[in-house]
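Enquirer: Sharing a structure, written as structure tokens. Questions coming.
The values are calculated or read from the model by the stated rules, or taken from the named source; none is laboratory data. Bear in mind the structure is a predicted one, so any value in this text is a computation, not a measurement. Here the Cβ positions follow ideal geometry from the backbone for every residue, glycine too, while neighbour counts run over all protein chains shown. Just the protein is used for accessible areas: all its heavy atoms, side chains included, with ligands, DNA and RNA removed. Shrake-Rupley method; radii C 1.70, N 1.55, O 1.52, S 1.80 Å.
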Amino acid sequence: EAQVTQNPRYLITVTGKKLTVTCSQNMNHEYMSWYRQDPGLGLRQIYYSMNVEVTDKGDVPEGYKVSRKEKRNFPLILESPSPNQTSLYFCASSSRTSRFFGPGTRLTVL
Amino acid sequence: AQKVTQAQTEISVVEKEDVTLDCVYETRDTTYYLFWYKQPPSGELVFLIRRNSFDEQNEISGRYSWNFQKSTSSFNFTITASQVVDSAVYFCALSETSGTYKYIFGTGTRLKVLA
């Protein structure tokens, strides 16, 4: 079954404590991306990756890092989380015509 | 600039009413894709439809229908005989095929269907 998985699904953390949200896809897609969803703002792209070792900033990259060492994985790293990064995060994996979203990670930074 | 506008922030209807969700987009690309996603209260994003820019035929799938009009840059979504289970946030999105695979989402329309 075509799938995008994210972990954890829920996370409450404190300001400054580094965290990683993992994302994995089983569709052999080259393109993967991360979004955050905030009320009234829709989904905004944080980072995307066109292939292994190829990443680029989206619309709201500040405070985030990503890596793409393998095709299937695209982790999102918050080196020093802040309360304004409290949000719902989605990972996505894409072919040219369709985008598959993970189930979402709800992050709260206190 | 590329942009997707969903001017309706929230719509409330009574069950069995028809409801149309509006989506207006801007793009310089001649080839692009338009999408609708549903986000129920559980939070996941559920894919509903994809339409490419060369296909202006309307589409119907059960109680759902989509009206794509390039002349007005609109891709509206109608739910016929709405049901409580249709209550969700609906997002329209635009994907350009210029090589970056960039998706631009609208801000979403929250639909409340009242019993």
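Enquirer: Give segment A:38-67 a look and list any residue that's more than 16 Å from A:Ser94 (Cβ to Cβ) and β-branched (Val, Ile, Thr), or say none.
Expert: Let us first name the residues in segment A:38-67 that are more than 16 Å from A:Ser94 (Cβ to Cβ), namely A:38-42, A:44, A:53, A:57, A:59-65, A:67.
Within segment A:38-67, just A:Val60 meets the criteria.
Enquirer: Quick one: which residue in B:Thr109, B:Thr72, B:Thr9 is within 11 Å of chain A (Cβ to nearest Cβ), open to solvent by 70 Å² or more (accessible area, probe 1.4 Å) and of a type in the set (S, T, N, Q)?
Expert: Working: B:Thr109 fails: open to solvent by 70 Å² or more (accessible area, probe 1.4 Å); B:Thr72 fails: within 11 Å of chain A (Cβ to nearest Cβ).
Answer to the selection: B:Thr9.
Enquirer: Return yes when B:Ala88 is of a type in the set (A, V, I, L, M) and within 14 Å of another protein chain (Cβ to nearest Cβ) and no when it is not.
Expert: Numbers: of a type in the set (A, V, I, L, M): yes; within 14 Å of another protein chain (Cβ to nearest Cβ): yes.
Yes; evaluated as a whole, the condition is true for this residue.
Enquirer: For segment A:51-110, name all the residues that are more than 12 Å from chain B (Cβ to nearest Cβ) and of a type in the set (Val, Ile, Thr).
Expert: Of everything in segment A:51-110, those that are more than 12 Å from chain B (Cβ to nearest Cβ) and of a type in the set (Val, Ile, Thr) turn out to be A:Val52, A:Thr55, A:Val60, A:Val66, A:Ile77, A:Thr86, A:Thr108, A:Val109.
Enquirer: Considering only residues that are among the charged types (D, E, K, R) and touching a strand residue (DSSP E or B) at 6+ places or on another chain (Cβ under 7 Å), which ones fall in segment A:43-88?
Expert: Applying the first criterion (among the charged types (D, E, K, R)) to segment A:43-88 yields A:44, A:53, A:56-57, A:59, A:62, A:65, A:68-72, A:79.
The answer is A:Arg44, A:Asp56, A:Lys57, A:Asp59, A:Lys65, A:Arg68, A:Arg72, A:Glu79.
Enquirer: State whether one or more residues within segment B:34-43 are closer than 28 Å to A:Arg9 by Cα, at the interface with chain A (Cβ under 9 Å from one of its Cβ atoms), touching a strand residue (DSSP E or B) at 6+ places or on another chain (Cβ under 8 Å) and not in a strand (DSSP E or B).
Expert: Yes: segment B:34-43 contains one or more residues that are closer than 28 Å to A:Arg9 by Cα, at the interface with chain A (Cβ under 9 Å from one of its Cβ atoms), touching a strand residue (DSSP E or B) at 6+ places or on another chain (Cβ under 8 Å) and not in a strand (DSSP E or B).
Enquirer: When you check B:Thr30 against the structure, is it out of contact with any Lys or Arg (no Cβ under 9 Å at 6 or more places or on another chain), open to solvent by 70 Å² or more (accessible area, probe 1.4 Å), of a type in the set (Val, Ile, Thr) and more than 25 Å from A:Ile46 (Cβ to Cβ), yes or no? Break it down into steps so the answer makes sense when it comes.
Expert: On the way: out of contact with any Lys or Arg (no Cβ under 9 Å at 6 or more places or on another chain): yes; open to solvent by 70 Å² or more (accessible area, probe 1.4 Å): yes; of a type in the set (Val, Ile, Thr): yes; more than 25 Å from A:Ile46 (Cβ to Cβ): yes.
Here the answer is yes, as B:Thr30 does meet what is asked.
Enquirer: When you look at B:Tyr64, is it within 14 Å of chain A (Cβ to nearest Cβ), surrounded by 13 or more Cβ atoms within 10 Å (Cβ to Cβ) and of a type outside the set (S, T, N, Q), yes or no?
Expert: no
Enquirer: With the condition kept exactly as written, say whether any residue in segment A:6-23 is assigned to a strand (DSSP E or B) and aromatic (Phe, Trp, Tyr). Even if it seems obvious, please write down each step before you answer.
Expert: Within segment A:6-23, the first condition is being assigned to a strand (DSSP E or B), and the residues that meet it are A:6-7, A:10-13, A:19-23.
Add one more test, that the residue is aromatic (Phe, Trp, Tyr), and what stays is A:10.
Looking through segment A:6-23, at least one residue is assigned to a strand (DSSP E or B) and aromatic (Phe, Trp, Tyr).
Enquirer: Yes or no: B:Glu56 open to solvent by 40 Å² or more (accessible area, probe 1.4 Å) and modelled with pLDDT of 90 or more? Spell out the reasoning first.
Expert: Values: open to solvent by 40 Å² or more (accessible area, probe 1.4 Å): yes; modelled with pLDDT of 90 or more: no.
No; evaluated as a whole, the condition is false for this residue.
Enquirer: Counting residues that are in contact (Cβ under 8 Å) with a residue 24 or more places away in the chain and open to solvent by less than 20 Å² (accessible area, probe 1.4 Å), which strands (runs of 3 or more DSSP E) fully inside segment A:28-89 reach at least 1?
Expert: On the way: elements: A:31-38, A:42-51, A:54-57, A:76-78.
So the answer is A:31-38, A:42-51, A:76-78.
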